[in-house]
Amino acid sequence: MANRGRLFVISGPAGAGKTEIVKKLLEKHPDVRLSVSCTTRAPRPGEVNGVNYHFVTEERFKELIDQDAFYEWAHVHQNHYGTLKATVQNELAEGHDLILEIDVQGCLQAMAQDSSVTGIFVCPPSRENLEQRLRHRGTETEESIRVRLNNVASEVATAYKYHYVIIHQDWSDVPNALEIAADEVYAVITAKRLEIENRRDFLDHLNASLRK
Ligand code: 5GP
């Protein structure tokens with residue numbers, strides 16, 4: 001039987017680049033799986049049901065809450081988002097390491113309910129950098145930049161609760177910043193795979209064979 005997979009939750013403020021990092025990681029390492037969440041928000045152009053999200057109605061989402069079908073769920077930007085228990089259970093049972101790319105509330109829930117979950121927080125290198133990225137988009141008013149920076153402040157204040165912190169440098173300072181950040185996430189996954197807990201069966205077998 002395959003060893004059980006491990007669960008990783010990754011979060012960080014909008015603009016820190018967690019989605020691009022996870023995308024790069026999956027391109028380089030198809031052995032890692034990404035969980036597909038349920039959401040009540042409408043699909044964006046190009047998004048595919050069952051691939052980017054399971055798009056569901058508010059009624060269906062509430063039913064799933066009542067059925068206790070969610071591993072974690074949260075209300076983010078006027079919409080509901082949740083990870084199905086079945087997704088987590090099936091992937092881990094099949095021996096796959098699974099990443100949940102979810103908001104801070106969801107990560108804190110997951111880490112609080114299960115001590116075997118590894119939390120990874122993605123940070124921008126500085127306030128100035130984040131502010132610059134928000135301004136460069138050109139779509140934000142001064143007021144909305146201020147609101148977003150305040151939200152970031154409260155999110156970054158929770159970073160101490162995670163196990164690992166990845167600083168996503170700006171590509172203008174570090175041209176391969178994305179590659180480095182994706183490699184760092186994979187380094188965390190690799191380290192968890194090598195932990196003694198995951199090596200016991202192998203060691204028992206090796207030791208038994210050496211004693212023969
Ligand atoms: P978006 O609508 O831009 O795809 O995602 C908005 C936010 O919801 C992002 O921070 C994303 O990480 C978060 N999110 C996506 N899926 C889930 C989920 O299943 N649970 C939680 N708690 N947050 C999620």
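The values are calculated or read from the model by the stated rules, or taken from the named source; none is laboratory data. What you see is a predicted model, and the numbers here were worked out from it, not measured in a lab. Cβ sites come from the backbone with ideal geometry, for glycine too, and all protein chains shown count toward neighbours. We work out accessible area using only protein heavy atoms, side chains counted, and drop any ligands, DNA or RNA first. Shrake-Rupley method; radii C 1.70, N 1.55, O 1.52, S 1.80 Å.
Observations, loosely collected:
- Test result for Ala74, open to solvent by less than 20 Å² (accessible area, probe 1.4 Å) and either touching a Cys at 6+ places or on another chain (Cβ under 7 Å) or without any contact (Cβ under 8 Å) to a residue 40 or more places away in the chain (or both): yes
- Number of positions in the range 86-110 that are under 17 Å from His163 (Cα atoms) and open to solvent by 30 Å² or more (accessible area, probe 1.4 Å): 5
- Taking residues in the range 27-45 that are touching a residue at least 60 places away in the same chain (Cβ under 8 Å), and partners anywhere that are within 8 Å of the ligand (Cβ to nearest atom) and polar (S, T, N, Q), the pairs with Cβ atoms closer than 6 Å and at least 6 places apart or on different chains are Ser35/Thr83; Ser37/Thr83.
- Single match in Glu131, Glu140, Glu195 (criterion: closer than 30 Å to Tyr71 by Cα and without any contact (Cβ under 8 Å) to a residue 60 or more places away in the chain): Glu195
- Exactly one residue out of Tyr81, Tyr53 is under 21 Å from Glu155 (Cβ atoms), aromatic (Phe, Trp, Tyr), without any contact (Cβ under 8 Å) to a residue 60 or more places away in the chain and in contact with a strand residue (DSSP E or B) (Cβ under 7 Å, 6 or more places away or on another chain), and it is Tyr81.
- Enumeration of residues in the range 130-149 that are part of a helix (DSSP H, G or I) and either of a type in the set (Val, Ile, Thr) or under 22 Å from the mean Cα position of the chain (by Cα) (or both): Leu130, Arg133, Leu134, Ile145, Val147, Arg148, Leu149
- Qualifying residue in the range 11-28 (condition: outside any helix (DSSP H, G or I), of a type in the set (S, T, N, Q) and within 14 Å of the ligand (Cβ to nearest atom)): yes
- Test result for Arg4, away from the ligand (no atom under 12 Å from the Cβ), farther than 21 Å from Ala182 by Cα, touching a residue at least 24 places away in the same chain (Cβ under 8 Å) and in contact with a helix residue (DSSP H, G or I) (Cβ under 6 Å, 6 or more places away or on another chain): yes
- Residue list for the range 19-35, restricted to those being among the hydrophobic types (A, V, I, L, M, F, W, C), under 11 Å from the mean Cα position of the chain (by Cα) and farther than 19 Å from Arg4 by Cα: Ile21, Val22
- Restricting the range 95-150 to residues that are within 16 Å of the ligand (Cβ to nearest atom) and among the acidic types (Asp, Glu), the residue that is modelled with the lowest pLDDT: Glu140
- Some residue of the range 119-129 being open to solvent by 10 Å² or more (accessible area, probe 1.4 Å) and in contact with a Ser or Thr (Cβ under 9 Å, 6 or more places away or on another chain): no
- Strands (runs of 3 or more DSSP E) lying entirely in the range 47-116 (those with 1 or more residues that are over 14 Å from Ile10 (Cβ atoms) and out of contact with any Leu (no Cβ under 8 Å at 6 or more places or on another chain)): 70-76, 79-84
- Filter result (assigned to a helix (DSSP H, G or I), open to solvent by 70 Å² or more (accessible area, probe 1.4 Å) and over 21 Å from Gly17 (Cβ atoms)) within the range 172-205: Ile196, Glu197, Arg199, Arg200, Asp201, Phe202, Asp204, His205
- The lone exception for Pro125 - which of (1) within 20 Å of the chain's Cα centre (by Cα); (2) without any contact (Cβ under 8 Å) to a residue 24 or more places away in the chain it fails: (2)
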